[in-house]
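The block underneath contains the structure these notes are about, expressed in structure tokens.
The values are calculated or read from the model by the stated rules, or taken from the named source; none is laboratory data. Because the structure is predicted, anything quoted here is derived from the model rather than measured. Methodologically, a virtual Cβ is constructed for each residue, glycine included, from the backbone with ideal geometry; neighbour enumeration extends over all protein chains shown. Accessible surface is based on the protein model in full, side chains and every heavy atom, while ligands, DNA and RNA are left aside. Shrake-Rupley method; radii C 1.70, N 1.55, O 1.52, S 1.80 Å.
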Amino acid sequence: MINLNLKNITEELLSSFLKAGDLAKKKSQQDVKITIKTDGSPVTNVDLEVDAILRNKIVNLTPNLPIISEETVNLEQKNNNKTFWLIDPIDGTKDYIKKREEYTLNAALIINLKPAIGIVYAPEKNRLFFSYGKGHAYEVCNGKKIILNCYSFLILNYLF
């Protein structure tokens, strides 16, 4: 059984998400270099820079856990790990390329094939969502931390 302090890990990662988001916003106003991956989808130099920022912090916090990132994953190799980090440094790369606001930076810690930590940051909207463990979900919007009521959300999903 893996023993991690999910709250501390999550809170330590938040500053890296803010840093990566600032970088993404700044770089979107410059020339973004685009290449096409083997699966036909685009990847930018900013995807890779954001990936490096998040990956470096994650390795520092949890050095023994593997990281699977959309931008660096080897699609020929099957993942047999039950505990790992899953990163999509810029989800919505096509929107990012078109300078739209609809992109996010994402990471999740999966433990025994179940999500244990989740972080989603929408830099252009200045909204950061994160959760860890059971019942701990938050939004930071314009610097204000809001506790999200997961229980009500689960009941609504169950009823509808």
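Give me the orientation-averaged projected area of the Cα convex hull of the range 1-91, in nm², one decimal. Don't skip to the answer; put the middle values down first.
Details: hull surface 26.7 nm².
Taking the Cα atoms of the range 1-91, their convex hull projects to 6.7 nm² on average.
Surface composition of the chain: carbon and sulfur atoms hold 54% of the protein heavy-atom accessible area at a 1.4 Å probe. For K25, a cut-off of 18 angstrom between C-alpha atoms picks up these aspartates and glutamates, skipping any fewer than 8 places away in its own chain: D47, E49, D51, D88, D91, D95, E101, E102, E124.
Skip the ligands, DNA and RNA, and give the accessible area per residue of the chain with a 1.4 Å probe, whole Å².
Values: 9930 Å² over 160 residues.
The answer is 62 Å² per residue.
Of K78/K114; K82/K145; K7/K82; K37/K144, which ones are farther than 29 Å apart at the Cα?
On the way: K78/K114 18 Å; K82/K145 31 Å; K7/K82 20 Å; K37/K144 38 Å.
With Cα atoms farther than 29 Å apart: K82/K145; K37/K144.
For K19, the lysines whose Cα comes closer than 16 Å to its Cα, not counting residues fewer than 8 places off in the same chain, are K27, K57, K125. If you take all other residues with their beta carbon under 10 Å from the beta carbon of S16, and give Lys and Arg +1 and Asp and Glu -1, the sum is +2.
Checking [x] 34; [y] 25; [z] 40 against percent of Cα pairs over 25 Å apart calculated from these atoms, the matching label is [x].
Here the peptides 47-59, 77-89 are ranked by packing, the mean other Cβ count within 10 Å, and the order with the highest first is 47-59, 77-89.
Helix-derived [θ] at 222 nm for the chain: sum -39500 (n - 2.57) over DSSP H runs of at least 4, divide by residue count, nearest 500?
On the way: 4 runs with 55 residues, N = 160.
Helix-only estimate at 222 nm: -11000 deg cm²/dmol.
Given contacts defined as C-alpha pairs under 8 Å and at least six residues apart, what's the relative contact order of the chain, whole-number percent?
Values: 250 pairs, mean separation 27.6, N = 160.
Normalised by residue count, the contact order of the chain is 17 percent.
Per-residue surface analysis assigns K125 an accessible area of about 80 Å², computed on protein heavy atoms at 1.4 Å probe radius.
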